[in-house]
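The values are calculated or read from the model by the stated rules, or taken from the named source; none is laboratory data. Remember, it's a predicted structure, so these values are computed and weren't measured experimentally. As a convention, Cβ positions derive from the backbone with ideal geometry for all residues, glycine included, and neighbour counts pool all protein chains shown.
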Amino acid sequence: MPEQTSRVAIAVVTYNRPEFLAELLRSATRLSTPAWRVVVIDNASDEATTRVLDEAADWFDPGVLVTRRLATNTGGAGGFCEGTRLALELGADWVWLMDDDVEILPEALDLFSPWMERFRVIHGRRYDFDGSPFYWQAKFNEFLGVPLPYGVKRTFNDEGYALTNSGTFEGMLIHADVVRTIGLPDPRFFITWDDAAYAWLAAQHTDVVYVDAYVLRRKREQRQVNLGLRHLNDGSPLFRFHVMRNRAYVGQYFALHGKLNRVGFGLGTALTFAKEVFRLVVVQRTLRGVGDLVRGFRESRRLWRDDTWRPMDPAEVPPALPTAE
């Protein structure tokens, strides 16, 4: 079986989805080129998840599967912060971040390999749960401060990649040196906007790309509406609250880098609110949930006034391990 010349750690965040987690870990054992480490951050799940992780220890060579259970549920953002930290503590050169409800396709790391020689933040393509290509909206409009869809027919250039400045933790592959430049993923987001903002931060320092190679399959079926340019999935009350609240964090990062246009960003926030109302009506066929958006917006206003806010500190990222001579 081929080995990675670079140390790639798959970092998974899980919360009470043991069946999906088991399928994901099984798929990691089928990689034609194996990952160097598989790191699982358990966000204070119940005992069923613990049982899966105990069983999975026998599916990998000794030392490959590394797990850490958190005392409380820190959301996807907190889990990816801890997963990235742990992967770098172990000595990873690359961290491949993913949720627990995906399956890794067997040749994924082989397909990534040539791109890893050119770029430092890479996203591959995904199939949806029904086997159709999953369309990812993936490029920030910096005036509005929101990601807008690529044109479907113009996504990739002749070399098979597209430059972007947004991202998703459902498959972002990031080099350790970039993490040491921008800091760990920000756990304060809890859920949503954390991955888009993290890739945007990376794009201030290096190229972030979306490559025409299928590496993952989404496993969790969701209610959704296909709008052509993208799919709209259903959303939870937590999602609705944080999608509005976390606009403040996105804006603070934009301001830090001199990219905040307050008029445009305010318009982007209004468009985000409208899109979420549209999601409620079209996908979930209800207006119950608008209150979650309003509460999130009010909390966002409070966070904008927080003078103690600071970005993540790159000094807190684990340093590179010394190389043997």
| query | Considering only residues of the stretch 202-228 that are part of a loop (DSSP other than H, G, I, E, B) and either modelled with pLDDT of 95 or more or touching a strand residue (DSSP E or B) at 6+ places or on another chain (Cβ under 9 Å) (or both), which is surrounded by the most Cβ atoms within 10 Å (Cβ to Cβ)? | reply | LYS219
| Here are THR308, THR286: which of them is over 21 Å from the mean Cα position of the chain (by Cα), loosely packed, with under 14 Cβ neighbours inside 10 Å, among the polar types (S, T, N, Q) and more than 26 Å from ILE182 (Cα to Cα)? | THR286
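I need the strands (runs of 3 or more DSSP E) fully contained in the stretch 121-179, keeping only those with at least 3 residues that are under 22 Å from GLY251 (Cβ atoms).
139-141, 146-148
Listed here are the residues, each with its yes/no results for (1) under 26 Å from PRO187 (Cα atoms); (2) surrounded by fewer than 16 Cβ atoms within 10 Å (Cβ to Cβ).
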residue	(1), (2)
VAL95	yes, no
LEU105	no, no
ARG125	yes, no
PRO133	no, yes
LEU144	yes, no
PRO147	yes, no
GLY160	no, yes
THR164	yes, no
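Look at the stretch 243-298 and say how many of its residues are part of a loop (DSSP other than H, G, I, E, B) and among the small types (Gly, Ala, Ser).
Applying the first criterion (part of a loop (DSSP other than H, G, I, E, B)) to the stretch 243-298 yields 246, 257-261, 283-289.
Add one more test, that the residue is among the small types (Gly, Ala, Ser), and what stays is 258, 289.
Residues meeting the conditions: 2.
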| query | Do any strands (runs of 3 or more DSSP E) lying entirely in the stretch 1-83 carry at least 2 residues that are within 20 Å of the chain's Cα centre (by Cα) and over 22 Å from PRO106 (Cα atoms), and which ones are they? | reply | 37-42, 65-69
| message | If I filter the stretch 279-301 for residues that are at pLDDT below 90, out of contact with any Asp or Glu (no Cβ under 6 Å at 6 or more places or on another chain) and under 20 Å from VAL146 (Cα atoms), do I get at least one hit? | response | yes
